[in-house]
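**Q** Handing you a structure now.
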Amino acid sequence: MVASADIRQKIDLITITKKFPKTEYHPKQFPGLVFRLKIPKTATLIFSSGKMVCTGSKSEEQAIKAVNTVVQKLREGKIEVLSEATIQIQNIVASANLGGKVYLEEAARQLPKSMYEPEQFPGLIHRMAEPKTVILLFASGKLVCTGAKQSAEVYRAVNNLHNNLEQRNLMMY
């Protein structure tokens, strides 16, 4: 999961690095500070604008918990945070296995908005309009789905693709 968050206030990143020496902040290379948590295992980028980006969580609940934990730790470190963070899921990256092999070359011909160039990348890139996702599909039947903002969209995208492949006889079991 990738979640964005905003505490709607300016925040001093240098003060945070002094109070939390395990954070990473190299402003000449990147304007954000990296605040890592062990539980849930996440990395939250904090920007001086008060905006944050949390990556690495396995669920929406975990992303929310991670951001709230970072805010709580900042407060415990005497960093003034005036309001609760507003949190929004921006992207879900999920993997799945369709349980059979896929005829990628034929799938690339038959599936709209698909691209397959095995010399450059071993998977078929399928851009699904509804739900708006991108699926990297491999001959093994394994796939990676990205671009969804809700778990239900991931399931819908994978099911749509699987049904489409089945209907076109592009799966081999």
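**Q** Looking at Ala157, Ala139 in this structure, which one is assigned to a helix (DSSP H, G or I), surrounded by 13 or more Cβ atoms within 10 Å (Cβ to Cβ) and without any contact (Cβ under 8 Å) to a residue 40 or more places away in the chain?
**A** Numbers: Ala139 fails: assigned to a helix (DSSP H, G or I).
Going through Ala157, Ala139 in turn, the sole match is Ala157.
**Q** Of the numbered conditions (1) assigned to a helix (DSSP H, G or I); (2) closer than 28 Å to Val154 by Cβ; (3) of a type in the set (S, T, N, Q), Thr17 satisfies every one except a single condition; which is it?
**A** Condition not satisfied by Thr17: (2).
**Q** β-branched (Val, Ile, Thr) and more than 22 Å from the chain's Cα centre (by Cα) - does that describe any residue in the range 82-89? Show your work before the answer.
**A** Restricting attention to the range 82-89, the residues satisfying the condition of being β-branched (Val, Ile, Thr) are 86-87, 89.
After this cut, where a residue has to be more than 22 Å from the chain's Cα centre (by Cα) as well, the list is none.
No, because not a single residue in the range 82-89 is β-branched (Val, Ile, Thr) and more than 22 Å from the chain's Cα centre (by Cα).
**Q** Name the one entry in Lys65, Lys10 that is surrounded by 17 or more Cβ atoms within 10 Å (Cβ to Cβ), charged (D, E, K, R) and free of Cβ contacts under 8 Å to residues at least 60 places away in the same chain.
**A** Values: Lys10 fails: surrounded by 17 or more Cβ atoms within 10 Å (Cβ to Cβ).
After ruling out the rest, the residue left standing is Lys65.
**Q** Among (1) among the β-branched types (Val, Ile, Thr); (2) outside the structural domain of Leu33 (by TED's automatic domain parsing); (3) within 30 Å of Thr17 (Cα to Cα), which single condition is Val71 missing?
**A** All conditions pass for Val71, except number (2).
**Q** Being over 19 Å from the mean Cα position of the chain (by Cα) and not acidic (Asp, Glu) narrows it down to one residue among Leu104, Leu37; which is it?
**A** Numbers: Leu37 fails: over 19 Å from the mean Cα position of the chain (by Cα).
After applying the criteria, what remains is Leu104.
**Q** Only one of Glu119, Glu106 is outside the structural domain of Leu33 (by TED's automatic domain parsing), part of a helix (DSSP H, G or I) and not aromatic (Phe, Trp, Tyr). Can you tell me which?
**A** None of the other options fit; the residue is Glu106.
**Q** Next question. Testing Ala108 on (1) without any contact (Cβ under 8 Å) to a residue 60 or more places away in the chain; (2) within 26 Å of Ala43 (Cα to Cα), one condition comes back false. Which one is that?
**A** Tallying (1) without any contact (Cβ under 8 Å) to a residue 60 or more places away in the chain; (2) within 26 Å of Ala43 (Cα to Cα), Ala108 fails exactly one: (2).
The values are calculated or read from the model by the stated rules, or taken from the named source; none is laboratory data. Just so we're clear, the structure is a prediction, and the values are computed from it rather than from any experiment. Using ideal geometry, Cβ is built from the backbone for each residue, glycine included, and neighbour counts are taken over all protein chains shown.
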